[in-house]
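Got a structure here, written out as structure tokens. Questions coming.
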Amino acid sequence: MQEAKEKTDAVIAATKALKAAMMKHLFTYGPVRLEDAERVTLKDTDIGCYPERWREGRFDEFILLQRGYDITKDEQHDGIVPVVSSSGIKSFHNESRANGPGVVIGRKGTLGKVFYVDCPYWPHDTSLWVKDFKGNNPKFVYYLLTTLNLKSLDTGTSNPTLNRNYVHALKIAMPNIEDQKIIVEILSSIDKKTATEQSRKEALEILFASLLHDLMTVKIRVKNIA
């Protein structure tokens, strides 16, 4: 059992490393094969290298952010709508304030962390959410935001705070919608593999704990297993 858990951990680590390498490649050369990367004409700018065909502009030319809505725990009612705060989904409510798919960024506390939501949701006041994707692929926007160093835009003193106006002023490069779609397909397939292995790991941990308990309380004897 322990060996199976360790092997699963190794697979998870490998898929995460693959995703990091793939993101670096895709956001530099676009969705082309490694052997074709040298044929891509790159534009070297102060925001990094990217394919010449990508369009550069202010963040708010491509994506518009909005501050979330305040709601206390006592104001929430039982439901299936995720309330997405700066640290992710921590509770559920019976009312939504935004339609999915959506992208949420930590605004206070856990600064700059990015979350993707594929259903109607409530963006919490401690977050910023994408109000308008302006025709861009929502999942691509999610991946793009994870590449930005949003923590560096901290405007808080004692409590880290992300001001949307600072994010809107950032210069970014945006591929066409077809490139966005291909990039999403590639990265989503890696995410799916990681999620599958993570579920396997959790199942192994539950089984390991249950088996260990039964062995230690003599509900199962070693000779019976052998």
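The values are calculated or read from the model by the stated rules, or taken from the named source; none is laboratory data. Worth saying up front: this structure is predicted, and the values here are computed from it rather than measured. As a convention, Cβ positions derive from the backbone with ideal geometry for all residues, glycine included, and neighbour counts pool all protein chains shown. In case anyone asks, the SASA skips ligands and DNA or RNA and just uses the protein heavy atoms, side chains included. Shrake-Rupley method; radii C 1.70, N 1.55, O 1.52, S 1.80 Å.
Looking at (1) open to solvent by 20 Å² or more (accessible area, probe 1.4 Å); (2) more than 18 Å from the chain's Cα centre (by Cα); (3) not basic (Lys, Arg), can you tell me which one residue 93 breaks?
Evaluating residue 93 over (1) open to solvent by 20 Å² or more (accessible area, probe 1.4 Å); (2) more than 18 Å from the chain's Cα centre (by Cα); (3) not basic (Lys, Arg) leaves (1) as the failure.
Same structure again: Exactly one condition in (1) out of contact with any Gly (no Cβ under 9 Å at 6 or more places or on another chain); (2) touching a residue at least 24 places away in the same chain (Cβ under 8 Å); (3) among the hydroxyl-bearing types (Ser, Thr, Tyr) is false for residue 121; which is it?
Against the list (1) out of contact with any Gly (no Cβ under 9 Å at 6 or more places or on another chain); (2) touching a residue at least 24 places away in the same chain (Cβ under 8 Å); (3) among the hydroxyl-bearing types (Ser, Thr, Tyr), residue 121 comes up short only on (1).
Sort through 24, 73, 7, 90 and tell me the only one that's under 30 Å from residue 204 (Cβ atoms) and either touching a residue at least 24 places away in the same chain (Cβ under 8 Å) or not in a strand (DSSP E or B) (or both). Give the steps one after another, and end with the answer.
On the way: 24 fails: under 30 Å from residue 204 (Cβ atoms); 73 fails: under 30 Å from residue 204 (Cβ atoms); 90 fails: either touching a residue at least 24 places away in the same chain (Cβ under 8 Å) or not in a strand (DSSP E or B) (or both).
Exactly one of 24, 73, 7, 90 is under 30 Å from residue 204 (Cβ atoms) and either touching a residue at least 24 places away in the same chain (Cβ under 8 Å) or not in a strand (DSSP E or B) (or both), namely 7.
Within the range 147-174, restricting attention to residues that are in contact (Cβ under 8 Å) with a residue 40 or more places away in the chain and of a type in the set (S, T, N, Q), which residue is nearest to residue 186 (Cα to Cα)? Before you say what the answer is, go through the steps one by one.
Residues of the range 147-174 in contact (Cβ under 8 Å) with a residue 40 or more places away in the chain: 147, 150-151, 153-154, 156, 159-162, 164, 167-174.
Next, only the ones that are of a type in the set (S, T, N, Q) stay: 147, 159, 161.
On the way: 147: 16, 159: 37, 161: 33 Å.
Once the filter is applied, the top-ranked residue is 147.
On the basis of being open to solvent by 40 Å² or more (accessible area, probe 1.4 Å), of a type in the set (S, T, N, Q), farther than 26 Å from residue 21 by Cβ and out of contact with any Pro (no Cβ under 7 Å at 6 or more places or on another chain), does residue 189 make the cut? Show your work before the answer.
Values: open to solvent by 40 Å² or more (accessible area, probe 1.4 Å): yes; of a type in the set (S, T, N, Q): yes; farther than 26 Å from residue 21 by Cβ: no; out of contact with any Pro (no Cβ under 7 Å at 6 or more places or on another chain): yes.
In short, no.
So is residue 202 of a type in the set (Asp, Glu), under 30 Å from residue 109 (Cβ atoms), at pLDDT 90 or above and surrounded by fewer than 13 Cβ atoms within 10 Å (Cβ to Cβ) or not?
Numbers: of a type in the set (Asp, Glu): yes; under 30 Å from residue 109 (Cβ atoms): yes; at pLDDT 90 or above: yes; surrounded by fewer than 13 Cβ atoms within 10 Å (Cβ to Cβ): yes.
In short, yes.
For the range 25-45, give me the residue count where each residue is surrounded by fewer than 12 Cβ atoms within 10 Å (Cβ to Cβ) and modelled with pLDDT of 95 or more.
Number satisfying all stated conditions: 0.
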